[in-house]
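The values are calculated or read from the model by the stated rules, or taken from the named source; none is laboratory data. Since we're looking at a predicted model, the values are computed, not measured. Methodologically, a virtual Cβ is constructed for each residue, glycine included, from the backbone with ideal geometry; neighbour enumeration extends over all protein chains shown.
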Amino acid sequence: MWISSPADKGVLFMDRHITLLDGAMGTSLWALTEDKQPVWRYNMLAPDLVHQVHRDMIAAGADMILSNTFGANGPEVKRTAYTVEQAVREGMAIAKDAAQGKAKVLLDIGPLTGLLEPYGDIEEDECEEIYAQMLEAGVKEQPDGIFLETFIDLNMLSVAARCAVRYDLPLYLSMSFEKVGKTMMGNSVCDMVEALAPLHPAALGLNCSMGPELCLPVLKAFRQHTDLPLLFKPNAGLPQMVDGKAVSPYTPEMFGRDMTPALAYASFVGGCCGTTCAHIAALRDVVRHEQG
């Protein structure tokens, strides 16, 4: 039976149904290019390649894809001749055109490279303005939801989430955790749940970090603290240097195998750094097998 999410904002998921997210846009694009640029720039420099990665992820089975807008924030974009409006709207438009209604498109937003006060020099009001600008641009392209990911500072994520919740769109919130079960800034799973569950997100969880096996205890900790739907988007392991290039140690088959235990806890699963459309296809096969 289909039920609405706790947010009651039109997100649907079936009891024990698992929604497949996409894999890594950044490392997938870099594998296709010689000139390594900040990934959001490819929306203007090589839109066909961005389109191709989205199409490949959907063909591999992704039910939801993330726009190529992760780092397209004011402090980064202002170093170029582009604008936030241009970078974000182009990223959203490319994703929606690639999806053609076959997959949901989520506006993807990541953390700032600087830190909030008192650890850095970014004031909270400034942080809010930066995220408000990204959100305003992205929402003009009518995303199916908003995905805030890879945050290590709960305060920064909270600022971004409070901006995002104003749009009454399904909200997916994800942080990057270390092996010890805390982020680099010392935030725990319990901290995240207590701070963000009141916003009624469509899902909470983790991405990036490590490979599936090492991330699994963190995912289990989420289930101990909340009954909200969980999302799980780990890396394809820690990269290893081979002939001067960073290579993922996780083959698609290994990734699918090690993601299997997560299916008992997570409603939204995919991959982060190092995961290709082949990794997502392997995960799709595992999900189909587990769901019968």
Return yes when residue 66 is surrounded by fewer than 23 Cβ atoms within 10 Å (Cβ to Cβ), touching a Leu at 6+ places or on another chain (Cβ under 6 Å) and either within 15 Å of residue 136 (Cβ to Cβ) or among the aliphatic types (A, V, I, L, M) (or both) and no when it is not. no
Just one listed residue, out of 93, 164, 137, is closer than 16 Å to residue 199 by Cβ and either part of a helix (DSSP H, G or I) or of a type outside the set (Gly, Ala, Ser) (or both), and it is 164
With criteria (1) over 17 Å from the mean Cα position of the chain (by Cα); (2) closer than 19 Å to residue 156 by Cα; (3) in contact (Cβ under 8 Å) with a residue 60 or more places away in the chain, residue 203 comes up short on (1)
Picking from 144, 153, 125, 121, the residue that is free of Cβ contacts under 8 Å to residues at least 12 places away in the same chain and within 20 Å of residue 199 (Cβ to Cβ) would be 125
Subset of segment 41-58, residues in contact with a helix residue (DSSP H, G or I) (Cβ under 7 Å, 6 or more places away or on another chain) and in contact (Cβ under 8 Å) with a residue 24 or more places away in the chain, comes to 42, 43, 44, 47, 50, 51, 53, 54, 55, 56, 57, 58
Scanning segment 251-274 for residues that are closer than 24 Å to residue 221 by Cα and in a loop (DSSP other than H, G, I, E, B) gives 265, 266, 267, 270, 271, 272, 273
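Is it true that some residue in segment 180-198 is among the charged types (D, E, K, R), within 17 Å of the chain's Cα centre (by Cα) and closer than 25 Å to residue 250 by Cα?
No, segment 180-198 has no match at all.
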When segment 204-250 is checked residue by residue, the ones that are at pLDDT 95 or above and part of a strand (DSSP E or B) are 204, 205, 206, 207, 208, 230, 231, 232, 233, 234
